[in-house]
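*Asks:* This structure is in structure tokens; I'll ask about it shortly.
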Amino acid sequence: MMQWLKKPWPYWIGGVLLGLLNVVLLALTGSAWQVTGGFLLWGAGVLELLGFRPFEWEFFKIYDYKFGEIILHHNIFINKYTILNIGVVAGSLAATLLASQFRLKKAKNIRQAMFALLGGIMMGYGARLTGGCNIGSFFSGIPSFSLHAWVFWIFVILGAWAGVNVLKRFLV
Amino acid sequence: MVSNEIDALVRKRCGPEKVNKKSQISYAVIILIIASIISVILWINNHVYAAFWIIGIALGMVLRYSRFCFASAFRDPFLIKNTKLMRALLLSFMVSTIGFAVIQNVYLNHNAIDYALIPGAVFPVGLHTAIGAFIFGIGMTNAGGCASGVLMRIGEGHVLPWITLLGFFIGTTLGAKDYSFWYDKIISKANVFYFPEHINLGVVVMVQMAVLIGLYKLAAWYQKKNGRIEDYEGRILWR
């Protein structure tokens, strides 16, 4: 039992289950899996607390069908997108603890932290242009039969390839 | 045996494998009890919230238990010539393609096509998709993980993904602020291309399944041809 809890699952089982869960989520809620929508609401929510008016940006008018109700009911911090994200963290935490592998792991150095911050900013900005990250736009887009997801696939690979070459240069 | 060794090497990069001597199962049980209580509270207030919460937890557990990492799926084929994750991703697309098709078929039988309301993720395609995905790809490899990976590694206890998450907040909020610029220049002129609008859904599903299976075979062939493993500096660890 203990060993069984510690054992990682093969990738293919993970793949099949993630695909299935995305289908179940869509069937139950009408929304496919997405991550950055929740991040955006939190980011904009903090700006609003600081006295800015982010929800008057054109973006939220264009995507009113997605965010309108949430903004109207002032559910900026707790809504379906953020609940899903917190659930993923909680699930990962539970799985890590079940395997007794939870360890606080600090960043190695400032440079690694800078890479993490910069990478996050780039991902966040890129995701806004494409309609989501590689979950919302790609992982949920391919099975939605939308051409954008295939274009995303090609260019995320090109970007990853360019990124690897940047990484290699800095690490050598 | 050899294939297991490669798996071990690949996994080394995706999460800590060092096993703590002390069992943490009791903490896991506490977390799961709290999660169940939250499920009940959410269910009472809003049934849909409870569904998002429970599926989120399931997604997190699967991501962590299978060490699924989208960044690695894109990166490994050319970094270490390993396509195992990419093939797992293709498998998951085969499953979700069938599932989404059934759900969308129900929708299409009862409604006119409205891109905003079609169940799933249907967005305009154009130059902005290419630019956004390219930037995303660079960021993903530099941060060492994508959005789902960030959430997963926060759950593992890492500090670094919190920094990436902060970056995500900044980047995605900036992106929304600048959206009117991109919208006026590119996105407003871009169209949605939703395959079932032009071709019968059944045909689309069959073609897509054929393409996914073809890509799977291609990925398997590629790994067989380049059966070796390198570290970040390009040294060959295994051939």
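The values are calculated or read from the model by the stated rules, or taken from the named source; none is laboratory data. Everything quoted here is computed from the prediction, not taken from an experiment. Positions of Cβ are backbone-derived with ideal geometry, glycine not excepted, and every protein chain shown enters the neighbour counts. We work out accessible area using only protein heavy atoms, side chains counted, and drop any ligands, DNA or RNA first. Shrake-Rupley method; radii C 1.70, N 1.55, O 1.52, S 1.80 Å.
*Asks:* Just one of (1) facing chain A (nearest Cβ under 7 Å); (2) without any contact (Cβ under 8 Å) to a residue 12 or more places away in the chain; (3) open to solvent by 10 Å² or more (accessible area, probe 1.4 Å) trips up B:Ala112, so point out which.
*Replies:* (1)
*Asks:* Output the number of the condition that A:Ile78 fails; it satisfies all remaining conditions of (1) open to solvent by less than 60 Å² (accessible area, probe 1.4 Å); (2) in a loop (DSSP other than H, G, I, E, B).
*Replies:* Result: A:Ile78 fails condition (1) only.
*Asks:* So A:Ser146 clears everything in (1) buried (at least 19 other Cβ atoms within 10 Å of the Cβ); (2) in contact with a helix residue (DSSP H, G or I) (Cβ under 7 Å, 6 or more places away or on another chain) except one condition, right? Which one?
*Replies:* All conditions are met except number (2).
*Asks:* Then there's this: Name the residues in region B:1-45 that are facing chain A (nearest Cβ under 8 Å), over 16 Å from B:Met61 (Cα atoms), open to solvent by less than 70 Å² (accessible area, probe 1.4 Å) and at pLDDT 60 or above, would you?
*Replies:* Scanning region B:1-45 gives B:Ser23, B:Leu42.
*Asks:* So if I check each of A:Ile70, A:Ile83, which one is within 7 Å of chain B (Cβ to nearest Cβ), in a helix (DSSP H, G or I) and among the β-branched types (Val, Ile, Thr)?
*Replies:* Selected residue: A:Ile83, the only one of A:Ile70, A:Ile83 that is within 7 Å of chain B (Cβ to nearest Cβ), in a helix (DSSP H, G or I) and among the β-branched types (Val, Ile, Thr).
*Asks:* Then there is this: Quick check on my filter: what residues within region A:93-110 are more than 23 Å from the chain's Cα centre (by Cα) and modelled with pLDDT under 90?
*Replies:* A:Lys108, A:Asn109
*Asks:* Confirm whether A:Val88 is of a type in the set (A, V, I, L, M), buried (at least 24 other Cβ atoms within 10 Å of the Cβ) and part of a helix (DSSP H, G or I).
*Replies:* When the stated conditions are applied, A:Val88 passes them.
One line per residue, one yes/no per condition, for (1) closer than 30 Å to B:Val203 by Cβ; (2) of a type in the set (A, V, I, L, M, F, W, C):
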{"site": "B:Phe100", "(1), (2)": "yes, yes"}
{"site": "B:Val106", "(1), (2)": "yes, yes"}
{"site": "B:His110", "(1), (2)": "yes, no"}
{"site": "B:Leu117", "(1), (2)": "yes, yes"}
{"site": "B:Phe123", "(1), (2)": "yes, yes"}
{"site": "B:Ala130", "(1), (2)": "yes, yes"}
{"site": "B:Ile135", "(1), (2)": "no, yes"}
{"site": "B:Ser148", "(1), (2)": "no, no"}
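*Asks:* Restricting the search to region A:95-136, which residues are under 26 Å from A:Phe60 (Cβ atoms), open to solvent by less than 10 Å² (accessible area, probe 1.4 Å) and of a type in the set (A, V, I, L, M)?
*Replies:* A:Met123, A:Ala127, A:Leu129, A:Ile135
*Asks:* Being in a helix (DSSP H, G or I) and among the charged types (D, E, K, R) is the filter here, so list the residues in region B:49-99 that pass it.
*Replies:* B:Arg64, B:Arg75, B:Asp76, B:Lys84, B:Arg87 - these are the residues of region B:49-99 that are in a helix (DSSP H, G or I) and among the charged types (D, E, K, R).
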